[in-house]
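Please treat every number below as a calculation from the coordinates, not as lab data. Remember, it's a predicted structure, so these values are computed and weren't measured experimentally. Please note: Cβ atoms are built from the backbone with ideal geometry, for glycine as well, and neighbour counts cover all protein chains shown.
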Amino acid sequence: MAKVLTRFAPSPSGYLHLGHAASARHAFRLAEKMGGTCLLRIEDIDTTRCRPEFETAILEDLHWLGFDWPMPVRRQSDHFSDYQKTLDTLISRGLVYRCFKTRKEIMEDIARAPHYAGEPYKGSKKPLSSGQEAAFLSANKPYAWRLSLLACQEYLGRPYNQLSFTDNGQECAAKPERLGDVILARKDVGTSYHLACCHDDMVQNITHIVRGVDLLESSHIHRLLQEVMNWPTPKYYHHPLLSGKDGKKFSKRDKSLTIRELRKGGHTASDVIKSLP
Ligand code: GLU
């Protein structure tokens, strides 16, 4: 059996908070329970929000909490050319299309078809004629590369409707329609979370993905990406999110609950770990 590999994959756009500590503990614990290893991956493709000082702080805080991982740590911003290769493969298979619509135009489309309200964006397989596309390109209009669910359906045939994954040991049907034709890259940012994450889970041979339930919807799309790219499917473990006394989920805005602040306030690592559910 393949060696069990999990990963904790924070984005260095702020300091670690209690919610991250809980998530890290879930991932490291599962690896330990299964005689495997938990890797650390830095998901910093959003170069406008991610900062090296947050990355340093994340590593420091995780060590302070008692977590350890093999080196070197994979940093996504070092691998944009690999994500581009994946995108090129998807382009050559006709599974993505350029979407020139602005957020406002998409909202207007939705407003025109009220039964679509709240529905994820779903375009047609190739929404523009080649002439229109060429005109937009020469006018330098910004665009996003979207995964076409219709094209994927055609490419995979019947298996498209039979895609599934296990979540906490339960088999569930993958429903990529839940997120619709997601953005996989933009003209200026060569990859999205979905593409970089699935690519890295494949190159790092991740067998078990442990992450918050807020990413469950993404797993439905990730399962489809794995299938069209012929990548293996890890087992998923979505854990509940940690919430504060007001019932709201912790976020980077709750500065008092960052590991930094707790450290400064005199809490020990074992106090923090013990406070996690
Ligand atoms: N980078 C993501 C985050 O910080 C986690 C992604 C994942 O675990 O797949 O929320």
Extend 7 Å from the Cα of Ser243 along its Cα-to-C-beta direction; within region 7-22, residues with backbone N under 15 Å of that point are 19
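Taking every DSSP beta bridge with both residues inside region 90-238, roughly what % is antiparallel (nearest 5)? If you can, show how the numbers build up before the last one.
Numbers: 11 of 16 bridges.
Once the DSSP bridges in region 90-238 are tallied, antiparallel ones form about 70 percent.
Quick one: work out the % antiparallel among DSSP beta bridges in the chain, nearest 5.
Working: 13 of 25 bridges.
That works out to approximately 50 percent antiparallel.
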Spacing of the two label points (7 Å from each Cα toward its C-beta) at Thr89 and Ser129, in nm:
3.5 nm
FRET efficiency estimate (nearest 0.05) - Cβ-Cβ, His267 to Thr37, R0 25 angstrom:
0.35
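Could you give the dipole magnitude of region 129-277 about its Cα centre, charging the beta-carbon of Lys and Arg +1 and that of Asp and Glu -1, in debye to the nearest 20? Spell out each step's value before the answer.
Values: 20 positive and 16 negative charges, 143 e Å.
My answer is approximately 680 debye.
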Contact order relative to length for the chain, counting C-alpha pairs under 8 Å separated by 6 or more residues, stands in percent at 25 percent
Selection from His26, Leu40, Val4, by position along the positive dipole direction of the chain (Cβ)
His26
Please report, in debye to the nearest 20, how large the charge dipole of region 1-156 is about its Cα centre when each Lys and Arg carries +1 at its beta carbon and each Asp and Glu carries -1 there.
480 debye
Show me, for region 48-60, the HN-Hα J-couplings you get by feeding each phi into the Karplus relation (A = 6.51, B = -1.76, C = 1.60, θ = phi - 60°), rounded to Hz, glycine and proline as x.
7, 9, 8, 9, x, 5, 6, 4, 4, 5, 4, 4, 5
Amide H of Ala174: which non-local residues (sequence gap of 5 or more, or other chain) have their own amide H closer than 5 Å, using H built in the peptide plane?
Leu163, Ser164, Phe165
With charges only on Cβ, +1 for K and R and -1 for D and E, what is the dipole size of region 25-83 about its Cα centre, in debye, rounded to 20?
260 debye
Please give, to one decimal in nm, the separation of the simple spin-label points placed at Ser81 and Asp109, each 7 Å out from Cα toward the Cβ.
3.4 nm
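I'd like to compare 20-32, 61-73: which one has the highest average count of other Cβ atoms within 10 Å, and what's the full order after that? Present the calculation step by step, with values, prior to reporting the outcome.
Working: 20-32: 20.7, 61-73: 14.8.
Highest-to-lowest ranking by the protection proxy: 20-32, 61-73.
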Have a look at the DSSP beta bridges in region 15-171 and tell me what percent are antiparallel, nearest 5.
75 percent
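For region 135-266, which semi-axes, largest first and in whole Å, follow from the square roots of 5 times the eigenvalues of its Cα gyration tensor?
Output for region 135-266: semi-axes of 31, 23, 14 Å.
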Residues in region 180-223, backbone N under 13 Å from the label point at Ser13 (7 Å along the Cα-to-beta-carbon vector): list them, ranges by number please.
192-194
Derived scalar couplings ³J(HN,Hα) [region 203-217; Karplus, 6.51 cos²θ - 1.76 cosθ + 1.60; whole Hz; x for Gly, Pro]:
5, 8, 6, 5, 9, 9, 9, 10, 7, x, 5, 5, 9, 4, 4
Mind giving me the FRET efficiency for His63 and Lys187? R0 is 35 Å, r the Cβ-Cβ distance, nearest 0.05 is fine.
0.35
Which residue, Thr166, Thr89, Thr48, tops the fluctuation ranking in a GNM of the chain built on C-alpha contacts under 10 Å?
Thr48
Other-chain or far-sequence residues with amide H under 5 Å of Ile209's (modelled H)
Lys235, Tyr236, Tyr237
³J(HN,Hα), Karplus 6.51/-1.76/1.60, whole Hz, each residue of region 165-180, x for Gly, Pro
8, 9, 10, 6, x, 9, 6, 10, 5, 7, 10, x, 4, 4, 9, x
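Going by average Cβ neighbours within 10 Å, how do the peptides 126-137, 143-154 rank, with the highest at the top? If you can, show how the numbers build up before the last one.
On the way: 126-137: 12.6, 143-154: 20.4.
Per-residue mean Cβ counts within 10 Å order the peptides as 143-154, 126-137.
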Estimated 222 nm signal from helices in the chain, with DSSP H stretches of n ≥ 4 weighted -39500 (n - 2.57), rounded to 500:
-11500 deg cm²/dmol
Between Thr191 and residues 5 or more places away or on another chain, which pairs have amide H atoms under 5 Å apart, with H built 1.01 Å from N, and which residues are they?
Arg186
Over all pairs of different Cα atoms in the chain, the reciprocal of the mean inverse distance gives a Kirkwood radius in Å of 20.3 Å
Taking 0.36 nm per residue of separation between Leu137 and Ser164 and subtracting their Cα-Cα distance, the length gained on full extension comes to 6.0 nm
Cross-link reach list, aspartates and glutamates versus Lys126, counting only Cα pairs under 18 Å and skipping chain neighbours closer than eight places:
Asp88, Glu105, Asp109, Glu154, Glu177, Asp181
